[in-house]
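For reference, the structure discussed in these notes is given below.
The values are calculated or read from the model by the stated rules, or taken from the named source; none is laboratory data. The model shown is predicted, which means the values in this text are computed figures rather than measured ones. Quick reminder, even Gly has a Cβ in these numbers, built from the backbone with ideal geometry, and neighbours come from all protein chains shown. Each accessible area value is taken on the protein alone, full model and side chains, heavy atoms only, with ligands, DNA and RNA left out. Shrake-Rupley method; radii C 1.70, N 1.55, O 1.52, S 1.80 Å.
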Amino acid sequence: MTLKLSHFIAGEFYEGHPIRVAPIINPSTESVIKEVVYGSAKDVDHATKAAADAFPEWAATPPAARAKVLMKWRVLIEQHLDQLADVIGAEHGKSKVEAIGSITRGTDVLEYACGIPSSLMGDYSANVGRQIDSYSMRQPLGVVAAITPFNFPAMIPLWICSVAIACGNTVVLKPSERNPSCAILLAELAIKAGLPKGVFNVVHGAKETVNALLEHPTIQAISFVGQTATAEYIQKTAIANGKRVQAFGGAKNHALVMPDIDLESTTDAILGAAYGSTGERCMAISAVIAVGDTVADQLIEQLTPKIKALKIGCYTEGAMEMGPLITQEHKQKVLAYIEAGVTQGAKLVVDGRSSSIPDKGYFLGGCLFDQVTPQMSIYREEIFGPVLVVMRVRSYEEGLSLINQHQYANGVAIFTRDGDTARDFCARVQVGMVGVNVPIPVPVGYHSFGGWKRSNFADHGMHGMEGVRFFTKLKTITSRWPSGIRQGVDFSLPTL
Ligand code: NAD
């Protein structure tokens with residue numbers, strides 16, 4: 001019998017009143033691993049109520065005491081790394097190394113959240129007026145919801161939820177319906193760590209369940225990560241329902257490759273960033289802008305055999321480097337882009353469609369396009385697969401201008417040995433996260449993550465102080481202790 005994955009509400013499994021039950025498919029084998037219930041509005045209401053009931057006590061818990069629970073949660077996650085990585089491998093297809101790496105980047109933020117007492121420290125000004133002092137405090141919002149994508153089943157829920165919880169909020173997480181088991185494991189470990197029941201709840205489902213969260217009057221804020229079209233919808237709907245919202249969307253991340261690069265290390269950096277996790281990373285490098293034909297030719301020459309040699313396979317094969325795409329539907333979408341690239345006149349240097357791949361599973365070999373132009377859909381749009389496009393420009397300025405015109409602006413990297421050029425690039429590039437000879441510049445937990453333009457519909461980034469600002473309300477107190485001196489009535493706006 002197929003195992004059915006239920007919601008996890010107030011520390012217990014809860015089947016509720018599902019809209020439907022859908023299969024969870026192992027993308028490496030195409031077999032059904034489990035089934036998952038899709039929560040109805042009633043189920044969302046149940047989860048929200050549990051979170052609302054837990055809120056007053058959790059908000060009143062001293063931040064240092066909250067941090068102690070988070071520390072235990074972090075230790076438990078570390079102790080269950082293998083189990084979590086296997087669950088990610090089975091439902092997503094990531095290699096064990098990649099899965100463990102992604103969980104570790106998630107616990108980095110959990111570690112940041114353990115320092116919440118200092119992040120919540122307010123400002124204090126004595127004597128802002130005679131006998132008047134002023135100070136600020138950051139208070140939690142209440143019940144908040146996180147809606148997360150398939151590509152990082154542990155990391156992104158941890159990025160959002162650990163900061164939200166540390167700030168004193170209670171959370172309803174709606175993980176991707178493609179790989180929801182990891183979120184349940186994380187929630188179970190949180191309970192083991194001593195997190196009070198109802199502080200962290202998980203409901204499953206897709207659009208209808210998300211709509212119920214967006215419309216629920218108790219939910220104060222929505223933190224979303226996913227495709228740009230969904231992010232735009234989430235932002236508009238959440239605002240229409242009076243909620244605070246941050247919605248992170250898709251990407252097309254460029255690498256600007258200057259003629260003075262160290263060829264070998266740049267090739268390796270681009271290879272890992274373009275094809276790691278099968279290109280299903282919002283910070284994957286998917287477009288190389290080569291300055292000059294010489295460096296373009298050299299790079300392509302170096303990349304070609306390495307792409308052809310990528311080890312493609314199931315996460316259980318220790319040596320594999322590239323797993324499957326997430327679904328058959330997504331594979332068809334990526335194949336359609338490859339076809340469009342060929343039709344539109346780009347040169348397909350490496351055709352991953354003819355790579356040797358396992359019989360079953362949504363595998364696809366790495367693809368490399370050269371002679372790509374800005375009008376082509378393989379350049380304009382996010383493919384989210386193992387497809388790298390190379391464009392040739394004559395100058396640094398031309399490359400910078402191309403990058404700055406793109407609709408997406410999540411991450412970018414420049415490869416050069418020239419400090420002057422790199423410095424100018426950092427100042428003028430219109431992108432949220434910039435790498436200098438660092439291919440995937442994902443900020444560490446105590447800095448903040450967030451792109452610009454159509455990669456991000458949010459005023460605050462994820463984690464670091466930006467995360468704390470998003471998940472708290474600022475209150476400023478002005479207080480007077482008059483020592484028995486009468487001030488008299490004053491109808492004017494108080495001044496010094
Ligand atoms: P998705 O937008 O399909 O799904 C994300 C979440 O939204 C899921 O929980 C899903 O159930 C829900 N959802 C999907 N369609 C919906 C709809 N119409 N209405 C309401 N909710 C809906 O994204 P995905 O395919 O799971 O993830 C891949 C995308 O996420 C890529 O575009 C990638 O670039 C992006 N991503 C962005 C970041 C970032 O920080 N900018 C990080 C990771 C992934």
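A few notes on this one:
- Overall shape: oblate for the chain, with the ratio a/c of the largest to smallest alpha carbon gyration tensor axis at 1.5 or above and b/c at least equal to a/b.
- Taking amide hydrogens as placed 1.01 Å from N in the peptide plane, the amide H of residue 457 sits under 5 Å from those of 247, 248, 249, each at least 5 positions away in sequence or on another chain.
- Region 253-436 shape via C-alpha gyration tensor axes, a/c threshold 1.5: prolate
- Per residue, the chain exposes an accessible area of 42 Å² to a 1.4 Å probe, with every protein chain left in place.
- Note, ³J(HN,Hα) from phi for region 458-470, Karplus 6.51, -1.76, 1.60, rounded to Hz, x at Gly and Pro: 7, 8, 10, x, 8, 6, x, 5, 4, x, 5, 5, 5
- Projecting the Cα atoms of 201, 22, 442 onto the charge dipole of the chain, computed from C-beta unit charges around the Cα centre, puts 201 farthest toward the positive end.
- Whether region 329-442 is rounded, prolate or oblate, judged on the alpha carbon gyration tensor where a/c under 1.5 counts as rounded: prolate
- Positive dipole terminus of the chain, leading residue within 51, 324, 489 (C-beta point charges): 489
- Restraint check, 72/453; 34/72; 34/453, Cα-Cα greater than 31 Å: 72/453; 34/453
- For the chain, the relative contact order is 18 percent, taking Cα pairs closer than 8 Å that sit 6 or more residues apart in sequence and dividing their mean separation by the residue count.
- Annotation for residue 423 and residue 137: the two label points, set 7 Å from Cα along the Cα-Cβ direction, are 4.6 nm apart.
- Ranking of 315, 275, 233 by solvent-accessible surface, largest first: 233, 315, 275 (1.4 Å probe, protein heavy atoms only, all chains present).
- Partners of residue 49 within straight-line reach, counting lysines whose Cα lies under 19 Å from its Cα and excluding those fewer than 8 residues away in the same chain: 174, 197, 243.
- Within the shell defined by Cβ-Cβ distances under 14 Å, the residues around residue 391 carry a net charge of +1, with Lys and Arg each +1 and Asp and Glu each -1.
- Shown are 3, 173, 81, whose ranking by accessible area with a 1.4 Å probe and every protein chain present, most to least, is 3, 81, 173.
- Near residue 172, once Lys and Arg are set to +1 and Asp and Glu to -1 for all other residues with Cβ below 11 Å from its Cβ, the sum equals 0.
- Of all accessible heavy-atom area on the chain, the percent that carbon and sulfur account for (1.4 Å): 53 percent
- Pairs of Lys in region 253-436 closer than 19 Å at Cα, counting only those 8 or more apart or on different chains: 7
- Charge dipole magnitude, Cβ of K and R +1, D and E -1 - region 253-436, Cα centre, debye nearest 20: 400 debye
- Accessible area (Å², 1.4 Å probe, nearest 10) - residue 264: 130 Å²
- Note on the chain: dipole from Cβ charges, positive end direction compared against 384, 355, 313; the farthest Cα belongs to 384.
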